[in-house]
Amino acid sequence: MTDAITTEIIRHGLLAAAEEMARNLCRTAYNTIVYEIHDYGIGIHDRAGDVVADVPGIAVFTRANDHGIKRAIEFLGAGSMRPGDVFLLNYPYWSGAHTLDPLVFAPIHHDGQLLGFASCRVHVLDLKQKDPGYVLDSTDMSQEGLFFPAVRLYREGARNEDIFTIIRFNSRLPERTIGDIQAQVSACVTGVQRTQEMAAKYGPDSVAAAMAAIHDHGERLARLALARLPRGTWTAHDFVDGDGVDATRMVKLQATVTITGDEMIIDWTGSDRDVKGPINLPVGNTQAFCSLVFKALTTPDTPVVAGNFRPLRVITEPGSVMHAVPPMPTFTLWTGLLGGEVVLKALAQGMPGQVPACSGGDVCSMMGLGVNPRTGEPWLEATNEAVGFGAHAGGDGADGIMHISEPGCRNNPVEVLETKSPMFIESYGYRQDTGGAGRFRGGAGVSRVYRFLAPSTGICLVYKTKTKPWPIGEGRSGENNRIVLNPGTSREVVQGHSYNRLAAGEVLANETGGGGGYGNPFDREPGRVARDVRNGFVSVAAAARDYRVAVDPETLEADEDATARLRAAGSE
């Protein structure tokens, strides 16, 4: 046991240590995906592997880190983990992510006693997957790169050169890949040292007791919030565009959500099986994105701790798209992005005033790679794009914001992309008329147009283009995501996920979706519609068509008399 004041001091010390881990990671990483986009998940965990402090970039990473550390403990045994050891784990079915999202973690000891672990997961650029950049059409795990099943990068402080040599000889971008893994090591060492300092000051037993108290407090907060939610069972489904192999098949995700007096159960029975392509999810990833939705509903204002999730139970069927087993391919994890919104879609049936409509539903990633003519060196840069958020009972959805799975992430700035690569950004802005109409409007998506100045490969990772973002109540759907190759030319092609070989001068437009609307659009105040027109989110034509609001095309003000006639005519 430890007193409440000491527990709170230790809790904030752990949070500060995790923040310092993130700063050191970003200072030392080689890859803009890490230091600009914040494509990472960082945590400090107790001796069982449960997170007690985190810094979310990709929010699902931290809970997947829990899953990975627990599997490593099962595989290796906690007693075999020595002070100074640092482990590398990217075996998807254990780590909860694909091969290019390796988990690096280190045990934290004090006077020979295991206190916990420091973890850091990032997206690295290449580990000998079959295609450079990203794999969209693998059919089994052997095509998805090198696997490291909790091997030692460092053994009691000594660098294991054999592992680094294997990576160096099997990566297309060895310097940047090894540099990023070493940055992960630096972050973990920081977490180990800061936690050891707290153990030296307060005693290891006090630190362990504080971690247990942090979990218990997180559980109490979650259970109090859960008790205030409606009870019932609701089922919803949606579809991933395709699996990358079978072009004719849309893949069904189905969730049944049950809220009882003491738990939330998310059951994925009914989701598709026998999915050939790499959109199958490791179960650790499924558990992680379900945890994200549960956290948002119950304890959104407090830091993540594993105790928050004790009232959550996730049910999956091994061999289904939501629970991959070897040798099922797992490289493209976009299923998890859509899966979180399927849970919200189910909950919207029972608590429409407490959840938002669907967002654009994707992170709309664009990745370019090739040889940079300015340097003669290989280049690879990527960015995730913002989408429109769904409207909700409290107001409009946010315009152009990172998907709910990436609350700590940013997109790659124009200046960085143009400096690091032979890409020129021709335009970047909001997409008009993409937010779903409603009493509250769905947020607008964005458009970014890339011109490639040298022969390149352009990889588009967009998996929600065939189903529209769903609304709530009488609201209207948002517009879809889409990729347009060579827009406005005779060679224009509208795409979703795709792997494009591009000649110099070719163009890709990344156009993201808008959020669903909330409530009857004819109840929206005309002045708010006119303001949306002035701000470029809604066109004059859409104002009349979708809201029955007449906006003067010259003054961009609502015409009250003409609006009254439109709405009266519509009610007849």
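Values in this text are rule-based calculations from the coordinates and carry no lab data. The model shown is predicted, which means the values in this text are computed figures rather than measured ones. Every residue, glycine as well, gets a Cβ built from its backbone with ideal geometry; the counts of neighbours run over all protein chains shown.
General remarks:
- Ranked by how many other Cβ atoms sit within 10 Å of their own Cβ, fewest first, the residues Tyr91, Tyr428 fall in the order Tyr428, Tyr91.
- Each residue of segment 372-382 is assigned a 3J(HN,Hα), and the resulting list reads 7, x, 6, 10, x, 9, x, 10, 8, 9, 8 Hz, derived from the Karplus form 6.51 cos²θ - 1.76 cosθ + 1.60 (θ = phi - 60°), x at Gly and Pro.
- With a cut-off of 14 Å between beta carbons, the residues surrounding Asp274 carry a summed charge of -1, where Lys and Arg count +1 and Asp and Glu -1.
- Converting phi to 3J(HN,Hα) with the Karplus coefficients 6.51, -1.76 and 1.60 and the offset θ = phi - 60°, segment 238-244 yields 8, 10, 7, 3, x, 9, x Hz in sequence order, with x at every glycine or proline.
- Rel. contact order, % - alpha carbon contacts under 8 angstrom, at least six apart, the chain: 12 percent
- 5 angstrom amide H check on Trp379, placed H, neighbours 5+ away: Gly370, Val371, Asn372
- Of the GluC sites (Glu not before Pro) in segment 103-205, the ones in a loop by DSSP (not H, G, I, E or B) with at most 10 other beta carbons within 10 Å are Glu156.
- Scattering curve values for segment 527-571, log₁₀ I(q)/I(0), Debye with Cα scatterers, q = 0.24, 0.30, 0.31, 0.33 Å⁻¹: -0.71, -1.06, -1.12, -1.23
- A straight line joining the Cα centroids of segment 194-248 and segment 397-463 runs 30 Å.
- In whole angstrom, the chain maps to an equivalent ellipsoid with semi-axes of 40, 30, 21, each derived as √(5λ) from the alpha carbon gyration tensor and ordered largest first.
- Using the Cβ of Lys130 as centre and a radius below 10 Å, the other residues enclosed give a net charge of -2, where K and R count +1 and D and E count -1.
- Screening the chain for whole DSSP H helices of 15 Å or more along their axis (Cα) with average Kyte-Doolittle hydropathy at least -1.0 returns 4-28, 59-76, 174-202, 204-227, 283-298, 335-350, 560-571.
- For segment 476-539, the Stokes-Einstein estimate of translational diffusion at 4 °C and a viscosity of 1.567 mPa s comes to 89 µm²/s, using the Kirkwood hydrodynamic radius over alpha-carbon pairs.
- Alpha-carbon gyration tensor eigenvalues x 5, square-rooted, for segment 261-323, Å: 25, 13, 8
- Computed over segment 175-308: relative contact order in percent, which uses C-alpha pairs under 8 Å that are six or more apart: 23 percent
- Glu406 long-range amide H proximity, modeled H, under 5 Å: Ala59
- Over every Cα atom in segment 4-216, the radius of gyration and the widest Cα-Cα span, Dmax, amount to 16.5, 54 Å.
- When the listed pairs Lys130/Lys464; Lys128/Lys276; Lys130/Lys466; Lys70/Lys201; Lys130/Lys468; Lys70/Lys276 are checked against a 30 Å cut-off, the alpha-carbon distance exceeds it for Lys130/Lys468.
- Theoretical ellipticity at 222 nm over the chain - DSSP helices of four or more residues, -39500 (n - 2.57) apiece, nearest 500: -10500 deg cm²/dmol
- In terms of other Cβ atoms within 10 Å, Lys130, Lys70 run from fewest to most in the order Lys130, Lys70.
- Span per principal axis, largest first, for the Cα atoms of segment 356-524 (Å): 57, 37, 22
- Sorted ascending by nearby beta carbons within 10 Å, beginning with the fewest, Val533, Val387 become Val533, Val387.
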